[in-house]
Amino acid sequence: MLLILEPNTDLDSEGHRQLMDYLARLPNIEARIHQVHGAEQTLTEVYLVGDTSALSIADMQALPTVEQVVRISEEYRILGRHDPRQASLEFVYNGVRFSQDELHVFAGLCAVDTPQHVELMMRALQEQGQVCTRMGAYKPRTSPYSFQGHGKACLPWVFELAGKYGIRVIAMEVTHESHIREIREALQATGNPTGVMLQIGTRNTQNFELLKAVGREPEMPVLLKRGFGITLEESLNAAEYLASEGNSRVVFGLRGMKSNMGDPHRNFVDFAQVPVVRRLTRMPVCIDPSHSVGSRDRAPDGLLDVMHVTAQGVIAGANMVLVDFHPAPEKALVDGPQALHLDELAPFLQDVSVAREAYLRRVALQQGKC
Ligand code: PEP
Ligand code: MN
């Protein structure tokens with residue numbers, strides 16, 4: 001059972017103390033508080049864990065500071081959407097707001113290689129008014145002989161360059177618990193010129209110990225990629241691991257499924273599930289057109305497949321786009337064939353805006369506002 005408290009309930013108030021005292025006396029039930037800090041208000045939810053079947057909604061509704069009571073299923077307890085009235089999970093990180101109402105593009109390098117390439121990328125982003133990027137330092141590779149990423153050695157100069165070009169959030173994959181500490185230390189050592197969204201890649205979606213470690217992270221948000229060969233339900237449960245450990249600043253990423261049914265794309269594009277994830281959960285939803293498509297193939301209308309699938313995800317309500325660019329894709333150490341060129345950044349962003357406007361118009365039409 002979930003108790004949604006009145007907005008901005010003060011946890012030190014008399015009413016809240018009375019509520020928690022009452023809940024503490026319920027036998028075999030544990031009350032866990034979860035707060036969502038939005039721009040305008042702080043929402044407090046109290047999860048009652050245990051056998052709540054004997055509790056009456058009316059009794060709970062009458063308790064001090066309680067605004068709504070919702071019976072919830074076991075699934076996706078914190079991240080799930082148990083009631084249409086529940087607000088989407090919203091968080092602000094380093095000045096950037098994430099929610100099911102926003103849209104951010106994270107264009108950047110699949111893997112950090114040289115300072116020159118990183119700087120060219122970041123300068124191009126700044127010219128386009130972008131404040132987010134992707135930069136892989138720890139790369140999970142299929143072959144042990146392939147480039148594994150520069151690791152912690154590149155973090156100081158990547159963060160400094162990000163600060164120089166006004167980048168506020170970098171999506172960066174971690175494949176081991178120690179990487180979280182390395183990133184935190186490098187941010188501190190460089191004076192926090194930027195922020196990092198920890199990315200859990202598709203190969204690690206069910207690496208439960210990594211999920212628990214990232215779930216204990218008190219500040220940095222997480223981009224959790226869907227597992228490439230497991231059900232959506234299994235991937236959403238993986239996201240819940242993060243929240244159950246305390247970190248509910250989670251964006252859920254669709255990146256295509258491994259299957260030859262998607263040929264000639266690298267993965268079978270699954271962006272039709274953007275609205276499904278938004279319905280089942282309150283997480284912002286990311287799409288990764290680059291790792292879905294895996295090439296620079298172009299349709300007869302002149303648009304790259306990467307642009308077509310991006311538009312498909314955005315017109316369905318996606319909240320984040322993670323996309324590979326590179327100043328010299330032929331020199332990229334990872335995934336060059338799917339990277340877009342820097343002169344394609346402006347047209348790509350314009351195309352995203354067209355799809356976003358179309359999405360917002362579609363929602364307005366449905367709500368009878370057009
Ligand atoms: C990536 O985004 O760099 C990546 C490796 O993606 P995925 O985990 O989806 O394969
Ligand atoms: Mn890649």
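The values are calculated or read from the model by the stated rules, or taken from the named source; none is laboratory data. Since the model is a prediction, treat every value here as computed from it, not as a measurement. Methodologically, a virtual Cβ is constructed for each residue, glycine included, from the backbone with ideal geometry; neighbour enumeration extends over all protein chains shown. When the accessible area is computed, the model is the full protein with side chains, heavy atoms only, and any ligands, DNA or RNA have been set aside. Shrake-Rupley method; radii C 1.70, N 1.55, O 1.52, S 1.80 Å.
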For the list (1) farther than 30 Å from GLU177 by Cα; (2) in a helix (DSSP H, G or I), I need the number of the one condition that GLU234 fails.
(1)
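Being among the hydrophobic types (A, V, I, L, M, F, W, C) and buried (at least 20 other Cβ atoms within 10 Å of the Cβ) is the filter here; which residues of region 162-181 pass it?
ALA162, ILE167, VAL169, ILE170, ALA171, MET172, VAL174
Being without any contact (Cβ under 8 Å) to a residue 60 or more places away in the chain, in the same structural domain as ALA239 (by TED's automatic domain parsing) and more than 16 Å from MET135 (Cβ to Cβ) narrows it down to one of GLU182, GLU177, GLU160, GLU173, so name that one.
GLU177
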Name the pairs whose Cβ atoms lie under 8 Å apart, with the first residue in region 306-327 and farther than 29 Å from ASP113 by Cα, the second polar (S, T, N, Q) and away from ligand 1 (no atom under 16 Å from the Cβ), and 6 or more positions between them or separate chains?
GLY317/GLN100
Are there helices (runs of 4 or more DSSP H) fully within region 240-358 with at least 1 residues that are open to solvent by less than 60 Å² (accessible area, probe 1.4 Å), of a type in the set (Val, Ile, Thr) and within 16 Å of ligand 2 (Cβ to nearest atom)? List them.
289-293, 305-315
